[in-house]
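Some notes on the structure that comes next.
The values are calculated or read from the model by the stated rules, or taken from the named source; none is laboratory data. Not measured: the values here are computed from a predicted model. Note that each Cβ is placed from the backbone with ideal geometry, even for glycine, and that neighbours are counted across all protein chains shown. All accessible areas refer to the heavy atoms of the entire protein, side chains included, with ligands and DNA or RNA removed. Shrake-Rupley method; radii C 1.70, N 1.55, O 1.52, S 1.80 Å.
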Amino acid sequence: MNCPICNRPLKSKNSIERGIGPVCEIKIQRLKDAPPEGQLSFLEDELNDSVKNSN
């Protein structure tokens, strides 16, 4: 059985059960946690407000 993302063979029992390799699983999780492209994060919004108020 191969990882559906990178097509490398799945070797460990856990990877085969999950159906995805550990490296690809981490990459997918990071993508899920990332804000959508173009969306400001909470910290970026505060920084923009403080810059506007200082001018």
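Computed with every protein chain present, the accessible area of residue 10 is close to 20 Å² [probe 1.4 Å].
Taking 28, 5 and ordering them by how much accessible surface each has at a 1.4 Å probe, largest first, produces 5, 28. Applying the criteria of a DSSP loop state and at most 14 other Cβ atoms within 10 Å to the trypsin sites (Lys or Arg not before Pro) of the stretch 9-42 yields 11. The modelled label-to-label distance for the pair residue 14/residue 37, using points 7 Å beyond Cα in the direction of Cβ, is 3.2 nm. Compute the signed sum of charges (Lys and Arg +1, Asp and Glu -1) over the other residues within less than 13 Å, Cβ to Cβ, of residue 1. That sum, taken over residues with Cβ under 13 Å, equals +3.
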